[in-house]
Amino acid sequence: MAITTTKDLVCTFVMDDGTNSSITIPDYNPEVADATIKTQLDAAVAANVLGSGGHAFTGLSAVKKVDTTTTEVTIE
């Protein structure tokens, strides 16, 4: 029985058209402080380096750390 664990950082941004868009950063480093994550994402928004579908990200809406453990079940 194989067990795998993944850690994803799901970042949700507000776009210039008022909708939200999310990006997932796989295998994030859990040792990075929450304040550092927020500071870096805010800096990316301020630098206008992120967007989706031709729309710019104008703010950070939410950030979630998603840890998933998957256990494969043997069926024979």
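Nothing in this text is a laboratory measurement; each read-out follows from the coordinates by a stated rule. Bear in mind the structure is a predicted one, so any value in this text is a computation, not a measurement. Using ideal geometry, Cβ is built from the backbone for each residue, glycine included, and neighbour counts are taken over all protein chains shown.
Worth a mention:
- Sorted on the mean count of surrounding Cβ atoms within 10 Å across their residues, most packed first, peptides 56-63, 36-43 read 56-63, 36-43.
- Crossing angle, helix 34-46 versus the chain [Cα axis fit, 0-90 degrees, rounded to tens]: 40
- Positive minus negative residues near Leu41 (Lys, Arg vs Asp, Glu; Cβ under 14 Å): +1
- For the listed peptides 2-11, 64-73, a ranking on the average number of other beta carbons within 10 Å per residue, highest first, reads 2-11, 64-73.
- Note, ³J(HN,Hα) from phi for the stretch 51-58, Karplus 6.51, -1.76, 1.60, rounded to Hz, x at Gly and Pro: x, 7, x, x, 10, 7, 7, 10
- Each residue of the stretch 7-17 was assigned a 3J(HN,Hα) from its phi angle through the Karplus expression (A = 6.51, B = -1.76, C = 1.60, θ = phi - 60°), giving 10, 10, 10, 9, 10, 10, 10, 8, 9, 5, 9 Hz with x at Gly and Pro.
- The stretch 1-56: C-alpha gyration tensor shape, a/c 1.5 cut-off, then a/b vs b/c: oblate
- Here the label points at Asp34 and Thr71, each 7 Å from Cα along the C-beta direction, are separated by 2.9 nm in the simple model.
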